[in-house]
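First the structure, in the form of structure tokens, and then the observations on it.
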Amino acid sequence: METTDPDETTPDAELALASMPAVEEAFEEIEVDEPHVGIIMGSKNDKPKLQPAGAALEQAGIRYEVRVLSAHRAPDATRDYCVNARMRGLRVIIAGAGMSAALPGFAAAHTDLPVIGVPISGKNLGGLDALLSAVQMPPGVPVACVAVDGAKNAGLLAVRIINA
Ligand code: RP5
């Protein structure tokens with residue numbers, strides 16, 4: 001059986017190899033620009049309140065992604081996101097939610113990455129509801145909780161964690 005030395009590829013062969021769909025697909029799967037921080041929030045309506053976290057990360061040159069995920073409304077998808085976060089290259093999760101803000105604690109229960117909780121103020125109770133929900137975690141499931149609507153500090157804390 002005729003064999004070829006793999007090191008002896010002609011320029012034509014190299015070109016053919018480089019344009020093979022399978023090779024292209026393999027390269028597409030390598031995420032060179034993978035985000036290091038995931039900003040998740042319970043509702044699309046929380047986006048304006050979480051925006052300062054993204055701004056702080058952007059200023060520090062840290063890549064991030066934004067997802068609307070809810071511990072109450074989409075528990076399965078939220079669980080999957082948190083369970084796979086480390087494998088996907090994330091290093092910190094910032095979780096913002098209002099009202100009965102289970103999201104930060106729910107995230108911390110499903111990943112060993114640092115989770116920063118951002119309680120979001122709503123129409124009632126001025127965010128005290130979300131603050132208590134995010135901050136009153138049972139021992140063993142840590143959440144670093146910033147102030148109500150404190151997304152800027154959440155972003156800055158994520159920068160410090162990544163640069164520590
Ligand atoms: C929470 O409930 C969300 O984080 C949001 O702050 C609050 C209200 O959600 P929407 O009714 O505005 O979608 O889960």
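Observations
- Counting charges near residue 82 (Lys, Arg +1; Asp, Glu -1) among other residues having Cβ under 14 Å from its Cβ returns a value of +1.
- Inter-label distance, nm, simple model (7 Å from Cα along the C-beta direction), residue 74/residue 136: 2.8
- Whether the range 109-162 is rounded, prolate or oblate, judged on the alpha carbon gyration tensor where a/c under 1.5 counts as rounded: oblate
- 3J(HN,Hα) along the range 120-135: 9, 6, x, 6, 10, 6, x, x, 4, 4, 5, 4, 5, 4, 7, 8 Hz, from the Karplus curve 6.51 cos²θ - 1.76 cosθ + 1.60 with θ = phi - 60°, whole Hz, x for Gly and Pro.
- For residue 71, the residues whose amide H sits under 5 Å from its own are 103, ignoring neighbours fewer than 5 places away on the same chain, with H placed 1.01 Å from N.
- Taking all protein chains into account, the per residue accessible area for the range 37-163 stands at 50 Å² (1.4 Å probe).
- Karplus 3J(HN,Hα) series, Hz, for the range 152-164 with 6.51 cos²θ - 1.76 cosθ + 1.60 (x for Gly, Pro): 4, 5, 4, x, 5, 5, 4, 4, 5, 4, 5, 8, 5
- Taking a ≥ b ≥ c as the square roots of the eigenvalues of the Cα gyration tensor, the range 57-164 is classed as oblate, since a/c reaches at least 1.5 and a/b does not exceed b/c.
- Shape category assigned to the range 42-116 from the gyration tensor of Cα positions, a/c cut at 1.5: oblate
The values are calculated or read from the model by the stated rules, or taken from the named source; none is laboratory data. In this text the structure is predicted, and so the values were computed from the model without any measurement. With ideal geometry, Cβ positions are generated from the backbone for all residues, glycine too; neighbour counts draw on all protein chains shown. What goes into the accessible areas is simple: the full protein's heavy atoms, side chains included, and nothing from ligands, DNA or RNA. Shrake-Rupley method; radii C 1.70, N 1.55, O 1.52, S 1.80 Å.
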